[in-house]
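The values are calculated or read from the model by the stated rules, or taken from the named source; none is laboratory data. A quick note: this is a predicted structure, and the numbers were derived from the prediction, not measured. Heads up, the Cβs are rebuilt from the backbone with ideal geometry, glycines too, and the neighbour counts pull from every protein chain shown.
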Amino acid sequence: MEVVNTLGRRKTAVARIYLSAGSGAITVNKRDIKEYFPSEILQTIVNQPFAVSGELAKYDVKVNVKGGGIAGQAEAVRLAISRALCEISADFRPALKAEGFLTRDPRMVERKKYGRRKARRRFQFSKR
């Protein structure tokens with residue numbers, strides 16, 4: 001099996017992954033997943049596509065991720081892994097789609113407007 005290269009995005013995080021057959025090692029920015037994502041929840045988010053497709057510990061994943069926070073990065077990695085699994089076999093697609101792992105979440109931070117303190121928050125009003 002050749003290396004499958006896909007991209008995943010969430011908020012401002014961008015994850016590029018290289019999926020190849022192996023023992024299930026996940027490397028994020030040249031560090032182990034347990035070191036990069038110390039939270040158990042974030043590690044679970046990254047591994048969800050493998051659990052749903054039943055391919056746990058069958059592929060090695062090299063991840064380059066930048067931008068955003070760690071939660072957004074974890075979800076970007078999840079989308080990239082889901083897309084890679086669909087490229088490998090179309091049989092995984094219905095299960096991954098049902099879980100919502102193939103949907104790019106379009107929600108972004110709203111820009112700050114002039115004359116406001118934040119995007120929607122107004123400056124404090126003083127009557128007197």
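Matching residues to (1) loosely packed, with under 15 Cβ neighbours inside 10 Å; (2) closer than 28 Å to Val109 by Cα:
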position: Thr44; (1), (2): yes, yes
position: Arg78; (1), (2): no, yes
position: Ser82; (1), (2): no, yes
position: Leu85; (1), (2): no, no
position: Phe92; (1), (2): no, no
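Mind checking which residues of the stretch 97-116 are surrounded by 11 or more Cβ atoms within 10 Å (Cβ to Cβ) and farther than 22 Å from Thr12 by Cα?
Lys97, Glu99, Arg116
Can you confirm whether Leu79 is of a type outside the set (Phe, Trp, Tyr), under 14 Å from Leu96 (Cβ atoms) and modelled with pLDDT of 90 or more? Spell out the reasoning first.
On the way: of a type outside the set (Phe, Trp, Tyr): yes; under 14 Å from Leu96 (Cβ atoms): yes; modelled with pLDDT of 90 or more: yes.
Against the criterion (of a type outside the set (Phe, Trp, Tyr), under 14 Å from Leu96 (Cβ atoms) and modelled with pLDDT of 90 or more), Leu79 qualifies.
For the stretch 1-110, which helices (runs of 4 or more DSSP H) that fit wholly inside it have 1 or more residues that are touching a residue at least 40 places away in the same chain (Cβ under 8 Å) and basic (Lys, Arg)?
Values: elements: 33-36, 40-53, 70-88, 93-99.
Counting at least 1 such residues, we get 70-88.
Provide a single number: the residues in the stretch 66-113 that are among the charged types (D, E, K, R) and within 12 Å of the chain's Cα centre (by Cα). Lay out the reasoning, then the answer.
First, pick out the residues of the stretch 66-113 that are among the charged types (D, E, K, R): 66, 75, 78, 83, 87, 91, 93, 97, 99, 104-105, 107, 110-113.
Pick out the ones that are also within 12 Å of the chain's Cα centre (by Cα) and you get 66, 75, 78, 83, 104-105.
The qualifying residues number 6.
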